[in-house]
Amino acid sequence: METAPHILVVDDDREIRDLLARFLRKHGYRVDSAADGREMWRLLETGRFDLIVLDLMLPGEDGLSLCRRLRSQNSAMPVIMLTAIGEEMDRIIGLEMGADDYLAKPFNPRELLARMRAVLRRSGAAPIPSEAAGEDDLTFAGWRLRLAARELLSPDGSLVDLTGGEFELLCALANRPNRLLSREQLLDQTRGRDAVPFDRAIDVQISRLRGKIEVDPKNPAIIKTVRGAGYIFAVEVRRP
């Protein structure tokens, strides 16, 4: 356990801190948490961390300032910024201040986990807890969807880059193979109707998914359209 990545969660919302700590420990990480910048610096002085999950809106010194100070000290420690604002300009400013990634609240903890794994993999700072293949995996047409790790492996074993929305949509389809699913059902089974402004957002994500998993995206064999009704995941899905 001592070789597992050590994560520092900085958020003034105790419920979020506790939820993330429990979730990340369950997935093999060591976790400490802080409610503000003062606690964050105290923990950084006394311990070694591999990644910081940093809330933008904090009492006292905010997350942008904390990230800027961290980078001014020539620290290359990865930072994933959290915010309840979700504005494009805040994301850009956060990245300019040195954040490695950015996630808007409310978020799915599994999406944060996937982003953490990607950032840690790029940084090479520490071994990433393995997610053993098992009953959570789904296979279809040579592809493997690893639900716990939030990863998609191609038939040749390479990792396919999916956004959080694309992953959630693929999971919703693969868990209900050979069933007609309307756009409304897909919205409800992914991030909920409030997550996207209109049903056509599903069409855009379907198009992107096809570009990544179909041999011929213009003549799809896996995700088929039923005109005026929705989509069908038209292949057999198995659990290894």
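The values are calculated or read from the model by the stated rules, or taken from the named source; none is laboratory data. Here the structure is a predicted model, which means the values were calculated and not measured. Calculation scope for accessible area: heavy atoms of the full protein, side chains included, ligands and nucleic acids excluded. Shrake-Rupley method; radii C 1.70, N 1.55, O 1.52, S 1.80 Å.
How much length would be gained if the chain were fully extended between residue 42 and residue 182, taking 0.36 nm per residue of separation minus their Cα-Cα distance, in nm to one decimal?
Fully extending the segment from residue 42 to residue 182 adds 45.3 nm.
Fully extended, how many nm does the chain gain between residue 14 and residue 208 (0.36 nm per residue separation, minus their Cα-Cα distance)?
66.1 nm
At a probe radius of 1.4 Å, what is the per-residue accessible area of residue 143, in Å² to the nearest 10?
30
When we measure straight from the Cα of residue 26, which lysines land under 28 angstrom away, once same-chain ones fewer than 8 places off are left out?
105
Using a 1.4 Å probe, how large is the accessible area of residue 12, given in Å² and rounded to the nearest 10?
Per-residue accessible area (residue 12): approximately 80 Å².
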